[in-house]
Amino acid sequence: SMLGGGKQLLIAFAGCGANLLVATGSYFVYSQTLHQLWLLFCACNILLGVFNFLPVFGLDGYDILYILLCNMANAKAADLACKIISALVVLFILTLSIWAFCMKAINPSLLITSVYLLILLLINLRS
């Protein structure tokens with residue numbers, strides 16, 4: 001890439017950081033107004049930031065992991081390691097979502113999201 005590793009890493013962290021910044025601002029507004037909608041907005045942004053930090057292809061966490069691994073190994077080894085880690089994380093989330101869906105513990109949104117992540121992973125593995 002034309003950008004240095006440090007700049008790429010900063011860009012990759014920006015997505016997760018933006019969510020945490022918005023969550024902080026939302027919590028501040030909540031503390032001033034005590035309106036529950038701001039607390040919900042804060043929680044959603046925290047969850048979105050944490051989710052985006054997962055080392056799964058298509059999310060910022062994957063890019064962060066790849067950049068960090070490229071600093072320790074060559075790009076081919078970093079790519080292979082990222083694909084393996086991404087596959088393990090997706091399989092864990094998919095297994096968890098299927099179990100939760102079968103137990104009727106939660107709504108199907110986690111299952112739908114895990115299928116989406118699986119499709120992204122399969123696209124990445126084919127390339």
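Some notes on this structure:
- The mean sequence distance of close C-alpha pairs (under 8 Å, at least 6 residues apart), as a share of the length of segment 1-70, puts its relative contact order at 34 percent.
- Under 14 Å, Cβ to Cβ, from K83 - net charge with Lys/Arg +1 and Asp/Glu -1: 0
- Share of carbon and sulfur in the accessible heavy-atom surface of segment 68-127 [1.4 Å probe, %]: 76 percent
- Kirkwood analysis of the Cα pair distances in segment 56-97 returns a hydrodynamic radius of 10.4 Å.
- Cut-off 15 Å between beta-carbons: net charge of the residues surrounding F57, Lys and Arg +1, Asp and Glu -1: -1
- Over the residues of the chain, the helix contribution to mean residue ellipticity at 222 nm works out to -28000 deg cm²/dmol, using -39500 (n - 2.57) for each DSSP H run of at least 4.
- More than 27 Å apart - percent of Cα-Cα pairs taken over the chain: 32 percent
- The residues of segment 78-125 present an accessible area of 62 Å² per residue when probed at 1.4 Å with all protein chains retained.
The values are calculated or read from the model by the stated rules, or taken from the named source; none is laboratory data. It should be emphasised that the depicted structure is a prediction, and the values quoted were computed from it without experimental measurement. As a convention, Cβ positions derive from the backbone with ideal geometry for all residues, glycine included, and neighbour counts pool all protein chains shown. Just so you know, the surface numbers come from the protein's heavy atoms only, side chains and all, with ligands and any DNA or RNA stripped out. Shrake-Rupley method; radii C 1.70, N 1.55, O 1.52, S 1.80 Å.
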